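Peer 1: One structure, pasted below without further comment.
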Amino acid sequence: MKLVVKGGRVIDPGTGVDGLMDLRIEDGTIVEVGENLKPDAAKVIDATGKVVIPGLIDVHTHLREPGYEWKETIATGTRAAAAGGFTAVCCMPNTNPVLDNPGQVTYVLEKARREGKVAVYPIGCITKGSRGEELTEIGYLREAGVVGLSDDGLPVENAEVMRCALEYARMFNLPVISHCEDRHLAGDGVMNWGPASTAAGLKGIPASAEEVMVARDLILAAATGGRLHLAHISTAGSVRLVREAKRRGVAVTCEVTPHHLTLTDRFIQESGYDTNTKVNPPLRTDADVAALREGLADGTIDIIATDHAPHHTDDKEVEYNYAAFGISGLDTALPLMVTELVGGGYLTLNQLVEKMCLNPARVFGLSRGRIETGGRADLTIIDPEERRTVDVSRFYSLGKNSPFLGRELTGWPVVTIAAGVVVHGEGK
């Protein structure tokens with residue numbers, strides 16, 4: 001297929017490009033970047049007044065398949081990704097069965113090849129069965145195609161097992177993704193511990209439940225030289241710990257979610273105990289949100305990742321204490337960040353692209369995240385003026401569990417191109 005994308009503002013922090021130009025695409029590859037390119041029998045996509053960026057990459061997506069297909073499938077999840085402007089996702093391994101062996105990884109890759117609308121990169125388990133006791137065969141998982149290791153949803157509580165994981169994964173240049181949570185401190189809490197939990201009458205999860213594990217894993221990363229990636233950090237203390245560790249040269253990267261950047265624990269009671277606000281780690285305080293935004297701006301936090309966690313309505317339409325943790329985030333992540341962070345002056349559009357395109361590719365070793373001649377034609381076209389109210393009935397994800405229902409957002413993706421194919425927009 002031949003495409004010419006004309007007249008858009010092309011932004012790519014990786015190559016330093018930011019200006020009005022055209023892109024010519026042939027057979028999934030960008031073959032020319034310049035001004036006033038002639039169509040030459042190619043399909044033309046008019047990007048006048050719009051922004052053209054590298055395809056978004058989400059490094060923390062739950063596709064739920066195999067085992068939980070009533071929550072999400074690879075087909076529906078990748079459609080949601082395409083509609084949200086993502087051209088690649090890294091899927092987490094806490095499926096049923098978990099992705100702890102090459103056979104399960106191969107299953108996901110083959111299923112994605114047949115039914116996926118965007119690229120899928122599996123994350124393999126750190127330990128067998130995600131039980132935190134015995135390491136998986138990391139080399140075989142790497143050969144099968146994993147791009148990282150995680151027991152996401154569960155912390156590796158045994159420090160010696162985590163030390164060994166960092167050491168062994170280092171030999172295969174794989175990041176070890178830590179779900180930072182001390183379950184003894186978290187207990188059976190359902191929201192952030194503090195004045196808001198007292199007012200709401202709900203059991204709290206203290207910030208220390210996250211921070212003690214962040215501190216432990218930073219110490220282990222420094223001791224082993226392994227590549228540590230911290231998932232969904234949510235507290236000001238975690239930001240301080242990561243900032244200090246980076247100054248010391250520890251090989252650590254981290255991510256933050258759109259909901260932790262935009263919602264606080266007070267919103268739980270204000271929303272009438274909407275169970276779509278129940279997430280793990282929990283929504284924190286105004287001070288934590290401010291620290292997370294500052295950490296993004298100064299480079300302490302590398303990536304914005306959705307932690308897309310779709311659930312069936314039966315899992316959410318119950319009392320708050322019994323509801324499942326998680327937000328369905330692929331459909332809304334980009335306009336939410338454009339509205340709240342760029343519109344609010346916390347990040348420039350270039351910085352946002354860096355956090356959602358360039359850095360995800362760099363951290364997970366993906367040949368993506370740039371717009372350059374000879375590069376893969378993965379593109380997201382944003383209309384910075386398009387205003388739309390979040391309507392979960394229009395979500396492509398099976399999960400409709402969004403706390404942003406009814407919120408008006410600006411800056412929606414209007415066209416998504418994956419490997420030179422229009423997978424969203426232009427009538428698709």
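Peer 1: Take F325, F86 and order them by how many other Cβ atoms sit within 10 Å, fewest up front.
Peer 2: So the residues, fewest neighbours to most, are F325, F86.
Peer 1: Which of V10, G425, G67 sits farthest toward the positive end of the charge dipole of the chain, with +1 on the Cβ of Lys and Arg and -1 on the Cβ of Asp and Glu?
Peer 2: V10
Peer 1: Tell me, what HN-Hα J-couplings in whole Hz come from the Karplus equation 6.51 cos²θ - 1.76 cosθ + 1.60 at θ = phi - 60° for each residue of the range 4-13, using x for Gly and Pro?
Peer 2: 10, 9, 10, x, x, 7, 8, 10, 8, x
Peer 1: Let me ask something additional. Grab the Cα-Cα distance for E244 and N36, subtract it from 0.36 nm times how many residues apart they are, and report the gain in nm with one decimal.
Peer 2: 70.1 nm
Peer 1: Fewest Cβ neighbours within 10 Å first, please rank S208, S130 accordingly.
Peer 2: Working: S208 15, S130 22.
Lowest count first: S208, S130.
Peer 1: Per residue of the range 16-31, in order, report the coupling 6.51 cos²θ - 1.76 cosθ + 1.60 (Karplus, θ = phi - 60°) as ³J(HN,Hα) in whole Hz, putting x for Gly and Pro.
Peer 2: Using θ = phi - 60°, the values come out as x, 7, 7, x, 6, 6, 10, 10, 10, 10, 9, 6, x, 10, 6, 9 Hz.
Peer 1: Here's something else I'd like to know. Which residues' amide hydrogens lie under 5 Å from the amide hydrogen of H60, considering only partners 5 or more residues apart or on another chain, with H built in the peptide plane?
Peer 2: For H60, whose amide H was placed from the backbone, the distant partners under 5 Å are C90, T306, D307.
Peer 1: Dividing the alpha-carbon radius of gyration of the chain by 2.2 N^0.38 Å (N being the number of residues), what value is obtained?
Peer 2: Ratio of Cα Rg to 2.2 N^0.38 Å: 0.94.
Peer 1: For the range 209-326, rounded, prolate or oblate, judged on the Cα gyration tensor with a ≥ b ≥ c (square roots of eigenvalues), a/c < 1.5 rounded, else prolate if a/b > b/c?
Peer 2: prolate
Peer 1: When only alpha-carbon atoms are used, what values of Rg and Dmax, in angstrom, describe the range 1-97?
Peer 2: Reported Rg and Dmax, both Å: 17.2, 52.
Peer 1: A 22 angstrom limit on the alpha carbon distance is what I want to check against. Which of K71/K111; K71/K428; K203/K278; K6/K43 exceed it? Intermediate results must be reported in sequence, preceding the final value.
Peer 2: Numbers: K71/K111 17 Å; K71/K428 24 Å; K203/K278 12 Å; K6/K43 10 Å.
Flagged as over cut-off: K71/K428.
Peer 1: Still on this structure, I have one more. Residue-wise, which Karplus ³J(HN,Hα) couplings in Hz belong to the range 95-104, taking 6.51 cos²θ - 1.76 cosθ + 1.60, θ = phi - 60°, and x for glycine or proline?
Peer 2: Coupling constants for the range 95-104: 9, 9, x, 6, 8, 10, 8, x, x, 5 Hz.
Peer 1: Non-local amide H neighbours of S178 (under 5 Å, H modeled in plane, Pro and chain starts lacking H): which ones?
Peer 2: H229, L230, A231
Peer 1: Ranked by Cβ crowding within 10 angstrom, fewest neighbours first, how are R79, R293, R247 ordered?
Peer 2: R247, R293, R79
Peer 1: If the cut-off is 12 Å between C-alpha atoms, which aspartates and glutamates fall inside it for K128, apart from same-chain ones fewer than 8 positions away?
Peer 2: Within reach: D100, E137, D151.
Peer 1: Remind me, relative contact order of the chain in percent, using alpha carbon pairs under 8 angstrom and six or more residues apart? Display every interim value, and only then the final one.
Peer 2: Working: 1056 pairs, mean separation 85.9, N = 428.
RCO, the chain: 20 percent.
Peer 1: Let me ask another. Using helices alone, I'd like the mean residue ellipticity at 222 nm for the chain: each DSSP H run of four-plus residues gives -39500 (n - 2.57), total over residue count, nearest 500.
Peer 2: It comes out at -8000 deg cm²/dmol, rounded to the nearest 500.
Here, each number is a calculation from the coordinates, and none is a lab measurement. Since we're looking at a predicted model, the values are computed, not measured. So basically every Cβ, Gly included, is an ideal-geometry build from the backbone, and we count neighbours across all protein chains shown.
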